[in-house]
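Encoded as structure tokens, the structure appears first; notes follow it.
The values are calculated or read from the model by the stated rules, or taken from the named source; none is laboratory data. Quick caveat: nothing in here was measured; it's all calculated off a predicted structure. Every residue, glycine among them, receives a Cβ derived from its backbone with ideal geometry; neighbour counts consider all protein chains shown. Keep in mind that these areas ignore ligands, DNA and RNA; they rest on the heavy atoms of the full protein, side chains included. Shrake-Rupley method; radii C 1.70, N 1.55, O 1.52, S 1.80 Å.
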Amino acid sequence: MQQQQTDQDLIAEVLMGNTSAYSELVKRHQRFVFTLAIRFAKNREDAEEIAQDCFVKAYKALGTFKQTSKFSTWLYTITYTTAMSFLRKKRIDTQSIHGNENELELEGHKSDLSDNLAERKSTNKYLDEAISTLSNDDIAIVTLFYKGEQSLEEIAAALNMPANTVKVRLHRARARLKERLEFLLKDEVKELLWN
Amino acid sequence: MELKDEELTRLLKGMEMEEPSMSFTRNVMEQIKLEKQPVALKTRVDNRIIYGIAAIFGAFIAGVFIYAIANSTVTYELPKVKIDLTGAVDKTLTPGFLTAFLFIDVVIALIYFDSILRRKKGKSLQ
């Protein structure tokens, strides 16, 4: 049985000229990078662009990766900074047409919610909704901690903030999520009683 | 409706990951084909840099030596030859100059020492 290569093995192969080894790294980390990107961007098209950009940047800078941390931690740092730059740029680009689009988006959102009531009843939908109310930093902290298997120290390094700050923010984000989920789930119970 | 801490943790740990489009990896690899092949930092920081630092260090010492010689007051008397370097040394090697000289030497030595440690660490990782 062939033993699975570690991220470090694959990086070494890429640096020795075997570019195709990078596709294995992409396959391994694409789901998490994309999940993180979609949480920031709130739509699939932008998230896909951010995630692709992130992997290309990582490839270009692969030679500077010191391997003192996990590849995933380094990659998530790139994802975070790429997403923030993308959102900042997008905010500047769309500032002039912001008002009208917002109205349309809200209308669409409303009808979408009523049309897909059944779909909304899944807990994951509520969780996504609750997470989307958090700040970008808190979204990153919660996602990296619970889904990215990153320690508080690794998250601190990825987001360039002290580990204690990450701990406090995670605690507060959890409290906010709990409050929001309780509110959303209460509504769900009401809806079930009315139907 | 109250949510327990354990329930929240379970929900967060169980949240679903999003899946990018089927062509995601292919798109990334196509973009990568247009990029230059990455080079390991270890190969980039090669011995030439170390030799460069050593050369600068050597040149600096030689420069100070030449400067001291050039600024020395040499008196010559016939038939008796008398060379007096005491004043030159006192003038050139002032305490400030010596401190600066030693400081630069220490910085260069630290850079050199750091590069040695990095090389050792790199070898132990392999």
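Could you say which residue among A:Ala51, A:Ala21 is open to solvent by less than 30 Å² (accessible area, probe 1.4 Å), over 14 Å from the mean Cα position of the chain (by Cα) and either among the hydrophobic types (A, V, I, L, M, F, W, C) or within 7 Å of chain B (Cβ to nearest Cβ) (or both)?
Details: A:Ala51 fails: over 14 Å from the mean Cα position of the chain (by Cα).
Exactly one of A:Ala51, A:Ala21 is open to solvent by less than 30 Å² (accessible area, probe 1.4 Å), over 14 Å from the mean Cα position of the chain (by Cα) and either among the hydrophobic types (A, V, I, L, M, F, W, C) or within 7 Å of chain B (Cβ to nearest Cβ) (or both), namely A:Ala21.
Please verify whether A:Arg176 is modelled with pLDDT of 85 or more, in contact with a Ser or Thr (Cβ under 8 Å, 6 or more places away or on another chain) and either open to solvent by 40 Å² or more (accessible area, probe 1.4 Å) or within 11 Å of another protein chain (Cβ to nearest Cβ) (or both), treating the condition exactly as stated.
Considered against the rule, which asks whether it is modelled with pLDDT of 85 or more, in contact with a Ser or Thr (Cβ under 8 Å, 6 or more places away or on another chain) and either open to solvent by 40 Å² or more (accessible area, probe 1.4 Å) or within 11 Å of another protein chain (Cβ to nearest Cβ) (or both), A:Arg176 comes out as yes.
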Legend entry - Subset of the stretch A:127-173 (residues that are within 14 Å of another protein chain (Cβ to nearest Cβ) and of a type in the set (D, E, K, R)): A:Asp128, A:Glu129, A:Asp138, A:Lys147, A:Glu149, A:Arg172
Legend entry - Residue that is among the aromatic types (Phe, Trp, Tyr) and within 8 Å of another protein chain (Cβ to nearest Cβ), where the choices are B:Phe65, B:Phe57, B:Phe24: B:Phe24
Inset, instruction - Quick one: in the stretch B:27-53, of everything that is more than 7 Å from chain A (Cβ to nearest Cβ) and part of a loop (DSSP other than H, G, I, E, B), which residue is modelled with the highest pLDDT? - result: B:Leu34
Inset, instruction - For A:Tyr59, work out the one condition from (1) modelled with pLDDT of 90 or more; (2) within 29 Å of B:Arg118 (Cα to Cα); (3) open to solvent by 10 Å² or more (accessible area, probe 1.4 Å) it doesn't fulfil. - result: (3)
Inset, instruction - Grab the helices (runs of 4 or more DSSP H) fully contained in the stretch A:1-92, keeping just those with 1 or more residues being more than 26 Å from B:Gly122 (Cα to Cα), outside the structural domain of A:Thr143 (by TED's automatic domain parsing) and touching a Lys or Arg at 6+ places or on another chain (Cβ under 8 Å). - result: A:21-41, A:44-60
Inset, instruction - Would you tally the residues in the stretch A:28-40 being open to solvent by 10 Å² or more (accessible area, probe 1.4 Å) and more than 8 Å from chain B (Cβ to nearest Cβ)? - result: 3
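Okay, residues lined up against (1) open to solvent by 10 Å² or more (accessible area, probe 1.4 Å); (2) at pLDDT 90 or above:
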{"site": "A:Ile131", "(1), (2)": "no, no"}
{"site": "A:Lys147", "(1), (2)": "yes, no"}
{"site": "A:Met161", "(1), (2)": "yes, no"}
{"site": "A:Thr165", "(1), (2)": "yes, yes"}
{"site": "A:His171", "(1), (2)": "yes, yes"}
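Does the stretch B:83-126 hold any residues that are of a type in the set (Lys, Arg), more than 19 Å from B:Val64 (Cβ to Cβ) and at pLDDT 70 or above, and which are they?
Selection gives B:Arg118, B:Arg119, B:Lys120, B:Lys121.
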Legend entry - Answer residue from the stretch B:1-21, given it is part of a helix (DSSP H, G or I) and more than 7 Å from chain A (Cβ to nearest Cβ) and is most open to solvent (accessible area, probe 1.4 Å) among those: B:Arg10
Inset, instruction - Kindly provide the set of residues from the stretch A:59-78 that are more than 7 Å from chain B (Cβ to nearest Cβ), under 13 Å from A:Val14 (Cβ atoms) and free of Cβ contacts under 8 Å to residues at least 24 places away in the same chain, ordered by number. - result: A:Ala61
